[in-house]
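Undergrad: Structure provided below as structure tokens; questions to follow.
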Amino acid sequence: MDLKAVRAFVAIADSGQFQKAAVDLSLTQQAVSKRIAALEKDLGVRLLVRTPRGAELTIDGQALLPHARVLLQAEERAVAAVRPGDRALRVDVVGRRAATGGLVQDFHRAHPEIPLDVVTLFDADTAMAAVRDGAVDATFRAVTMPGHRLPDGIEAVPVLDEPLHLCVGPDHEFARAESVTPAQLAGHRIWMPGNVPGTEWHAYYEALAAAFGPTIDTIGPNFGLEALLDTIAGSPTVATFLSERTPHVWPVGHDLRLVPLRDPTPVYPHSLLCRPDNPHPGLAALRDHLTATRPRLPEGETWRPWWAEAPPVSA
């Protein structure tokens, strides 16, 4: 349906007059009449009849009116969903089951009154371009990758250093260890089929492999976390990295173990990337919440790639 014609129909139904509806819509009476005629032609029914008192709804017009109002309300909601200043706070989390997805859920629980729109953009360049252009208000990323510079006007606020754990099955060499050092992983196979080259997480795990010597295996299709854990549970040699903050539920029979990594503890550095001049009121609330609730670093020495130790640089 032509929503302009629908709006004209509702305006006439509310005012009872073509002339009054034309004034309310800032149109000529002739333009309003043409819109109604076109709507009636499209529907194949008469919606309004002119009377000495103005305009009255036909039986078909009465039947259409509540649906016409719903159409206009839907249009308003659709526009508000994308119009800057009116739309919900839009945040990119890479993956809804990642640790940063949990951070956003915690924020929503603390501030349910703030409308929230969660999106998942895969690569950092796309996410930062969306933040720069205002299509997204904030994104969670690990910054910076080697040689990577933040776009001008975007700043990074550290919000979470996520400790890594080794996830192994019950027959793995480290299944009964209280903790494992990264150096003990030298030569061990760490299977991460979602570790895609060109991403910030690929750069992170490449740096970890270079520092401590595990083999990061990305061979094979990525069928998701459940399929990965099925393989880990049945293997005495294959392991992967997970976090206590990653939501995971596995069958009891898997008997999977999350073994802490210590001396040092590798931490994945998450930052909130946003524009300081973004006026969305929800963004300020999100930043304040993340700053106030930022988890403490694990006790003891931690490890990050060298490029994550330095503050990010804007282009």
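Undergrad: On a full-extension model of 0.36 nm per residue, what is the gain between Val118 and Asp133, subtracting their alpha-carbon distance, rounded to one decimal in nm?
TA: 3.7 nm
Undergrad: Distance in nm between label sites at Thr237 and Glu301, each 7 Å beyond Cα in the beta-carbon direction?
TA: Calculated label separation equals 3.1 nm.
Undergrad: With just the Cα atoms defining each centre, how far is the stretch 51-118 from the stretch 13-41? Give it in Å.
TA: That distance is 27 Å.
Undergrad: To continue, here is another question. Could you check the simple spin-label distance between Ala31 and Arg96, using points 7 Å along Cα→Cβ, in nm with one decimal?
TA: Modelled inter-label distance: 4.2 nm.
Undergrad: Taking 20 °C and 1.002 mPa s as the conditions, I'd like the Stokes-Einstein D for the stretch 196-239 in µm²/s, using the Kirkwood hydrodynamic radius from alpha carbon pairs.
TA: 181
Undergrad: Could you compute the net charge surrounding Val136? Neighbours are other residues with a C-beta less than 14 Å from the C-beta of Val136; K and R count +1, D and E count -1.
TA: Local net charge: -1.
Undergrad: For the pair Asp14 and Ala227, how long in nm is the line joining their label points, each one 7 Å along Cα→Cβ?
TA: Placing both labels 7 Å along Cα→Cβ, they lie 5.3 nm apart.
Undergrad: Give the calculated FRET efficiency between Ile219 and Ala63 to the nearest 0.05, with a Förster radius of 45 Å applied to their Cβ-Cβ distance.
TA: 0.15
Undergrad: What is the extension gain from Glu173 to Arg53, computed as 0.36 nm multiplied by their sequence separation minus the C-alpha to C-alpha distance, in nm to one decimal?
TA: 34.3 nm
Undergrad: While we're looking at this one, here's another question. Please give the contour-minus-distance gain from Glu75 to Thr291: 0.36 nm per residue of separation, less the Cα-Cα distance, rounded to one decimal in nm.
TA: Roughly 74.1 nm would be gained on extension.
Undergrad: Could you please tell me the mean projected area of the C-alpha convex hull for the stretch 191-315, averaged over all directions and given in square nanometres to one decimal?
TA: Average of the hull's projected areas for the stretch 191-315 equals 10.6 nm².
Undergrad: Using Cα-only point scatterers and the Debye equation, what is log10 of I(q)/I(0) for the stretch 165-260 at each q in 0.16, 0.19 Å⁻¹, rounded to two decimals?
TA: -0.63, -0.91
Undergrad: Does the chain classify as rounded, prolate or oblate by the C-alpha gyration tensor (a ≥ b ≥ c root eigenvalues; a/c under 1.5 gives rounded; else a/b over b/c gives prolate, otherwise oblate)?
TA: Verdict is prolate for the chain.
Bear in mind these aren't lab numbers, they're just calculated from the coordinates by the rules spelled out. Just so you know, these numbers come straight off a predicted model, no measurement behind them. Here the Cβ is made from the backbone with ideal geometry for all residues, glycine too, and neighbour counts use every protein chain on show.
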